[in-house]
Structure formats: C-alpha cells, structure tokens
1. Whether any residue in segment 245-258 is touching a residue at least 40 places away in the same chain (Cβ under 8 Å), farther than 24 Å from C114 by Cα and more than 23 Å from the chain's Cα centre (by Cα) is what I want to check.
2. State all residues of segment 452-475 that are surrounded by 15 or more Cβ atoms within 10 Å (Cβ to Cβ) and either among the aliphatic types (A, V, I, L, M) or modelled with pLDDT under 85 (or both); if no residue qualifies, say none.
3. When you go through (1) part of a helix (DSSP H, G or I); (2) closer than 14 Å to L53 by Cβ; (3) modelled with pLDDT under 90 one by one for V309, which number turns out not to apply?
4. When segment 225-252 is examined, which residues are found to be in a helix (DSSP H, G or I), buried (at least 24 other Cβ atoms within 10 Å of the Cβ) and of a type in the set (A, V, I, L, M)?
5. May I ask you to list the residues in segment 49-65 that are in contact with a Gly (Cβ under 8 Å, 6 or more places away or on another chain) and assigned to a helix (DSSP H, G or I)?
6. Name the residue that is surrounded by the fewest Cβ atoms within 10 Å (Cβ to Cβ), counting only residues in segment 1-27 that are at pLDDT 70 or above and assigned to a loop (DSSP other than H, G, I, E, B).
7. Taking segment 298-334 as the search range and keeping residues that are under 30 Å from E246 (Cα atoms) and of a type in the set (S, T, N, Q), which one is nearest to the chain's Cα centre (by Cα)?
8. Hey, F216 hits all of (1) of a type in the set (F, W, Y); (2) surrounded by fewer than 17 Cβ atoms within 10 Å (Cβ to Cβ); (3) part of a helix (DSSP H, G or I) but one; which does it fall short on?
Amino acid sequence: MPRTGLRLKSPDLLVAESGADLEGHGLKRTLGPFQLVCFGVGAIVGTGIFVGLSDTVAEAGPAVLVSFVLAALTCVFTAFSFAELGSAMPVSGSSYSYAYAALGERAAFLVGWCLLLEYGVSVSAVAIGWGQYLNELLENTVGVRIPAALADAPGHGGVVNVPAVVVMLLAAVLLVRGVRESARATAAMAVIKVGILVLFCAIAFTAYDAGNLSPFAPEGLGGIGAGASLAFFSFIGFDAISTAGEEVRNPRRNVPLAILVTLGCVALLYCLVSVAAIGAMPWEQVGGKPAALSLIVDHATGSAFGSTVIALGAVVAIASVVLAVMYGQTRILLSMSRDGLVPRVFARVSPRTSTPVANTWIVAVVFAVPAAVVPLDVVLDMTVIGTLAIMAVVNVCVLSLRRSQPGLRRSFRVPFSPWSPLLGVALSLYLMSGLPLVTWVQFAVFLAVGALVYSRYGRPRSRLAASPEAQPPGGTLPDGTPAGGSPTSGEPSNGDPSAAPRPSVGA
C-alpha cells in the first residue's frame, strides 16, 4: 500500500505480522467455536445486569425493556461490522487494527487509547461490583460480611475495595497459565451464570404483576435514552471476541459466527430478565438498589435461599467478565506494542505458556488501583462513552475499507451496507448524547492526553514509519509467500487452516 500521511497499514501486513511477537514467540490457535461463544458470554454477562440493572430501572422505569432493546440494536449494527472486519483481519488488535488499516496510525492509536476505557477501566468497574455480591453470598451462607472499610471505595463508606483487587489478581494468575485453561474456566462460568439468570426469570415470573408496568415510561423519552446509555454497559464485551483472532481455529468463520450468536443470545436473555424484574416488583422499589436481583428473588419467594443462588451466580458471572475483559486488554496492548506505539514489554510472549505474562501482570496491577479506590458510578460513564466512540469508529472502518479495499477477502459481509454501518454510527452517537456533560469533558481531556502521548511517544517509535518496506518478521507470510502481497489473494495466514476461499455471506 502506498505511503500516505495517514500511515495506513494494509490488512495483509496486519495478518502477516500477527504470527509472532518481536522475539519470535507466538500465540497458539486453540479455541473452537463453542469456547469462543462461551468467552463472549463470559465477557458480557456480569456487572451490567447483576449490578447495573437497578440504575437503568431508576432512569427508565418499566420502559427499561425499551432501553435494553435500544442498547441491543446499537450493538447489533456494530456487531455486523465487527464480524466483517474480524473475518477479514483475524488478529489480536480488534478495533485498533481495523482503524490502522482504514483510518491510519493516529486514529488507530486513539482507538487503542479509548480501548483502555472499554477494557482496562471497565475491568475495574466490573471488579468493583464483585464485592457487593460477594458480601451478599457470605452473609447468606456463613453469616459474615467484609467490613465496609475493606469492601467499598472512599466516599462510599470505605477505604479500599479489597475484593475488587483480589478478583483481578486471581484472573491474572489464570490468564498467565495459558489460553486453554482460561477458556475452560470461562466456559464453565458462562454456563453457570446463564443458568442462574434463567432461574431468576423462572422465579420472578411467579410473582409477575402487569400493574407494575404502569405507567410504562414515567420519565419519558429522556429517561428511556438515559436508561439505554446505562443499559449499553451490560452489552460491553462482545467485541472482545475479535481480540482472540490469533488464538482461534478457523478464525475467518468462527469469529463472526461467535460474535453474532453471542450477542443474539445475550440480548434475548437481558430482555427476559428486565421484564421479569419489573413485573415482579414495582420499579420504584428496584431502582437504585444494590444487588437488585437478589432483592427481587427474596420478594418473590419470601426466603433468602433464592437470593443466595443469585448472589452465587453474580460472583461467578462477574469473575468471568474480569477474566475475559482483562484478556482482551492484554491482546490489544500486545498488538500496539508490535507496532512500536507502546513499550516493547507488552509484546513479549512466554515460550512456555504462549501468553503475554508481563503484559498481563502490568494490566492487573495498574487497573487494580481504580478498582480499589474509585466508586463504580465514576468509572462506568467513562467506560460507556469510550466504548460507544470505538463502536462508531468501527462502523466507519467498514465503510472506508469497502471503498479502499473492495477486493479484501471477507468471509462475512455486513448486510444492507452502507445503511447498517451508518445506523450503527447514528445509534452510538445517540447513546453518547444521553451521558452527562461532565463525562464528555472528562472524555475530551482523556483524548487530548492520548493525542499528546501519540505525538511524543508513539509516532517517533512507529515500526511502520521506521521500516520503508514494512516487512513482517522474517519477510514472508506464514505460508512462505512474500509479505505485503495483494489483499485479494485470500491466502491463509498465521496457521489459519481455512486455506480455500469461502463464499461471502450477506449483502
């Protein structure tokens, strides 16, 4: 690809460079489609529904169902875009790599910077919520609670949130052992938490009262929009599937399939949970309450047994989200490090475990700090605005690459393009508009800092700029052909067994 001021990186080169770290050690393809779907469910279902549902109800009232549908629609259109890009570029960089190919290095760095919010800061938010349900479980089973000073953030009655730190360190231990072990743990936890949410629906529907849904939208359209912005947090994580592109068997098929299956199943489950919750208990009694699902089950059953089961499910669910989202953050940083935009230590892969060990521990320690001392509501809004901005960019990337790379091999194609990506952009911006002004100011400052870091650190150290040939390690693709070939060749790379081109799906 010709050099431009944008420093574009060809999709072919992105895939070619994904085979190994800077020292020759690579990630291994061990994940199948079922494990990938479980990984997606593990990344999504957690704090957003177990902890954040009550905040969404407080904004939208019984119309929380509409808020969840709006949030899901935003994700569906963007999921199509992630599926197309993931099938064309099965690499660890996810939206960072897509932006590098479509919009250039500066935009890619800022996307990677925003991914610190979607993955890094969100893992802190998820970990914060873990302590609430851990206390609920401990109180119901052994009659003890972690003291508030050690279970809450400053300003919320605590000094340091110890459970949040503990769950992040435990996730790091599992991640450095290997992706196969992490995948097995995530799959087991995904099955448990989905089963418990189904059990919640079954219990809550026994106390269903249609009168609880009236008035349906007490806060009007503004409340629905604000609720949708909060509900969107419950869906964050489906794009983490695309960060596993280098560790998936047959990624051009399995990555888009897993994204769409995961999002469809989770959206249906969330709608059922929201209807069951509001039908079982007046929304005024649910809105803003901690551990709301346990409260509803206690109300429906008249005992604490049901809430104990829900608390167990939440503890498992939130732990699995920490595991999956931390995994995604480490793979994003690995890709950025390969490109020279962040320090080299993030790209080092252990030859023994085939995992980025130092990268994982750095992420765990750095993001354990906000988890320990920052209240949940502070980190939640920043996570949401950063993720929505990334989703808007990903939809733009599809449109850009359709124009600049029409022959790029795509196993999945976004249906109804360009309308579907345009709707994804519009809905992302709509949900961003429902966030408070202070969040926008914080986000603007965050982007300004990111631009400064890129200009002072990333741009001068860019490997793409430093190498006129921009050759990957070894100068060839993994199948032995020269790197930088035609992106329309459809040749497999990085151990991708899908050698033969597949027919495209969609429009």
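1. no
2. Residues satisfying the conditions are V453, L464, A465, A470, Q471, P472, P473.
3. Tallying (1) part of a helix (DSSP H, G or I); (2) closer than 14 Å to L53 by Cβ; (3) modelled with pLDDT under 90, V309 fails exactly one: (2).
4. The answer is A228, L230, A231, A240, I241, A244.
5. Those that are in contact with a Gly (Cβ under 8 Å, 6 or more places away or on another chain) and assigned to a helix (DSSP H, G or I): F50, S54, D55, T56, V57, A58, E59, A60, G61, A63, V64.
6. L6
7. Q329
8. Unmet for F216, out of (1) of a type in the set (F, W, Y); (2) surrounded by fewer than 17 Cβ atoms within 10 Å (Cβ to Cβ); (3) part of a helix (DSSP H, G or I): (3).
The values are calculated or read from the model by the stated rules, or taken from the named source; none is laboratory data. As the structure is a computational prediction, the values presented were derived from the model and not from experiment. Ideal geometry is used to build each Cβ from the backbone, glycine not excepted, and the neighbour counts take in all protein chains shown.
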